[in-house]
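What follows is a set of notes on a single structure, which appears directly below.
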Amino acid sequence: MSDTSREDARAATLAGKLAAGPLALGGTPRRPGVAGTLERYGKRLLLHPLYPWAGRWLMLGFFVLLTYSAFFGRPDPRLNFATVMSWVVWWPLLAISYLLVGRVWCAVCPMGALSDLLQHGIGLGLKAPALFRKRWLVAALLGVAILYQAWIEEVTRASVSPLVTGFILWSFTVGAAVSGLVFERWTWCRHLCPLGAWSGVFAMSSAVEVRADPNVCLASQCTGIFCYFGREDRPGCPFHQVPKTMQTNRYCSACGNCLKACPNDAISIRLRPPGREFATQSREMPENALVAVVAVGVVAFQALVMTEPWAALRQQAAALPLLSNDALLYGALVLACVSVALGLFYLASRAYARLTGQSWHAEMSRFGFAYLPLALVAHIGHNLGHLFNGYALVPGALAGLAGRAAAPAAEGAPNLVLWQGLEIGLIVVGLAITAWAIRRICASARIGSPRPLAALPYAGLAGLYAAAFIVLFALPMATRVT
Amino acid sequence: MKPFEWNARSIATVAIAFLLVASVGVLGLWLLLSGQPGTGMMESGEHVRMMESADHAASMAPGGAMATVEPTVPGHAMGVHAQRGVLGGYTGTIGLLMILLFAGMIGLLFYALFRERPGRPEAAQCWNCRRPVETDWSACPYCGAALAPGGQPLTPPG
């Protein structure tokens, strides 16, 4: 290359960097204050060489104990390590983690870790079937996975049977392991895992996001897309995402791969208001938005089937020929809950479309997401109740694991008013976030009519959903492992 | 991505995958056809009796913890769930689900190994730069063009 052309190339690079703006020169700018400090520590954690494998090994050890206890432990679910830790401790903590850190569980999930170990050792590394990328199949798999994970717990009474808990764990483990043996990256977690589907939907409401600064990518003239493909021995995104263009947390587990693979320090972890991504998505797909409303119905179903009135109804249903079958009864109930939630949302969308002169179909695609924070906090509230009710079982379960005889502790909330107040308070917080999201989506839609009037159908529906959750939580509720 | 070819290593990998899948099918069939201890107790209500006797023994033990358990919802505990479910109760239900999972995984394995060939065209291309993109990307990472599902532009160019 001649000196002149080298100079020209250098000038072009400099011009590109300058055109990208002052922030682009160097890494991602740091925010001041507490948020900035948290983000810095979060980034350090994600860049740490031991992350996420230290957590994965820890969880693998925990998983071995869980599986052993499920198959060979105490048959009393109140003294069994697998049932108590899975259904009383882990499940509520998982719900809270969705709001705080998204689907970070997927980064440390022991089944995913096992899948990765097999993949790196003897995996075939085939691409996931093209069938999985069909939009209709993605939507169908997501819907089935979400309904299935709610239905199976009730139908098989997994929370009171260590053995059923063990069989569910074994089924999921085999699915993840086989997927790791045959396919590349995290095919199981992304396309097939029912828990992953549930986690992905709720992660959209989380308070953190991992994103790249496009200015830095541009200024660095990055063409390698290392965050997706990986670099040298550092793997790329296991979910097939590119942080520079990613608009949703649904397929981000904050595993840190992209941060480690990026040579330009363009990627960081950021705090954000939960639900902010609903107003910024450019790809409005009705099936994605409807999943949020489906989540409202599923969470209502999970709370309803543990209430005292439901136990009485169930006794009466047992006398009927078809509904005496649990699989049919719970299947019909979960579909009914989802149908009511979707039906009300449809009516609100028609009313909104009439007020604003917009297409109701497009409005459904846009506003469905707004109900996700409400569904998530209701899910957290319901499961926190179980945690408060059952945490006293943990010492007995640990003693049971060690083989020592122990009497089961009494379940029951130490302070019923306190935890019911907390549940209802959470619903109020969820309603506020949903109302804020509706307002943001309205603003981004730039409709011509007065905003408060136009948003009324959707805001009213949010109030109705919240009222339904409050009524459910005010009812006496069964504990999970008895 | 590694090219796929049948050799000793890939045959061993596929064999392990089939064995794992088979374990799900065998366990499912076993559960479906036999009332096994553990879950088998659930159908007869024995589980509740066992829990009650454990509570009773604990409360009677000298110096033992006076632990009693009263279900928050009367009748919600295991006794009510007895004698119901699909094909032999809860044991049968989880067995049936495992057999369905087994069938699904076998189907997927055959599809992945024999229907999907290496070198097939990418699922989607960017409408602007023609490079391969994932169908759920919102923008092309190479040229920045906004994408709709399948790599199509959000609005037709021009």
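The values are calculated or read from the model by the stated rules, or taken from the named source; none is laboratory data. Keep in mind that this is a model prediction, so the values were computed, not measured. Don't worry about glycine lacking a Cβ; one is built from the backbone with ideal geometry, like all the others, and counts go over all protein chains shown.
Values as computed for the structure displayed
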| quantity | calculated |
| --- | --- |
| The stretch A:69-84, residues that are of a type in the set (Phe, Trp, Tyr) and buried (at least 24 other Cβ atoms within 10 Å of the Cβ) | A:Phe81 |
| Residue match in the stretch A:98-110 (condition: within 21 Å of B:Leu101 (Cα to Cα) and buried (at least 22 other Cβ atoms within 10 Å of the Cβ)) | yes |
| Selection from the stretch A:150-184 of residues that are more than 9 Å from chain B (Cβ to nearest Cβ) and in contact with a Lys or Arg (Cβ under 9 Å, 6 or more places away or on another chain) | A:Ser159 |
| Index of the failed condition, A:Ala311 passing every other in (1) closer than 23 Å to A:Thr156 by Cβ; (2) in a loop (DSSP other than H, G, I, E, B) | (2) |
| Check on B:Pro153, surrounded by fewer than 19 Cβ atoms within 10 Å (Cβ to Cβ), under 27 Å from B:Glu5 (Cβ atoms) and at pLDDT below 80 | no |
| Residue match in the stretch A:343-354 (condition: surrounded by 15 or more Cβ atoms within 10 Å (Cβ to Cβ), assigned to a helix (DSSP H, G or I) and within 14 Å of another protein chain (Cβ to nearest Cβ)) | no |
| Selection within the stretch A:380-419 - at pLDDT 80 or above, assigned to a helix (DSSP H, G or I) and more than 24 Å from the chain's Cα centre (by Cα) | A:Ala392, A:Leu393, A:Val394, A:Pro395, A:Gly396, A:Ala397, A:Leu398, A:Ala399, A:Gly400, A:Leu401 |
| Residues that are among the aliphatic types (A, V, I, L, M) and within 18 Å of A:Leu147 (Cα to Cα), drawn from the stretch A:339-373 | A:Val340, A:Ala341, A:Leu342, A:Leu372 |
| Residue ranges of helices (runs of 4 or more DSSP H) in the stretch A:50-119 with at least 2 members within 20 Å of A:Glu153 (Cα to Cα) | A:53-72, A:91-101 |
| Number of the condition not met by A:Gly224 [criteria: (1) among the small types (Gly, Ala, Ser); (2) buried (at least 21 other Cβ atoms within 10 Å of the Cβ); (3) in contact with a Lys or Arg (Cβ under 8 Å, 6 or more places away or on another chain); (4) within 13 Å of chain B (Cβ to nearest Cβ)] | (2) |
| Among residues of the stretch A:305-322, those that are of a type in the set (A, V, I, L, M), within 32 Å of the chain's Cα centre (by Cα) and surrounded by fewer than 21 Cβ atoms within 10 Å (Cβ to Cβ), counted | 2 |
| Residue within the stretch A:333-341 that is closer than 13 Å to A:Tyr371 by Cβ and under 16 Å from the mean Cα position of the chain (by Cα) present | no |
| Number of the condition not met by B:Leu113 [criteria: (1) in a loop (DSSP other than H, G, I, E, B); (2) at pLDDT below 85; (3) farther than 25 Å from A:Glu287 by Cα] | (1) |
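Quick grid of which residues meet (1) of a type in the set (Asp, Glu); (2) in the same structural domain as A:Leu66 (by TED's automatic domain parsing):
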site: A:Ser179; (1), (2): no, yes
site: A:Glu184; (1), (2): yes, yes
site: A:Trp188; (1), (2): no, yes
site: A:His191; (1), (2): no, yes
site: A:Pro194; (1), (2): no, yes
site: A:Ser199; (1), (2): no, yes
site: A:Leu218; (1), (2): no, no
site: A:Gly224; (1), (2): no, no
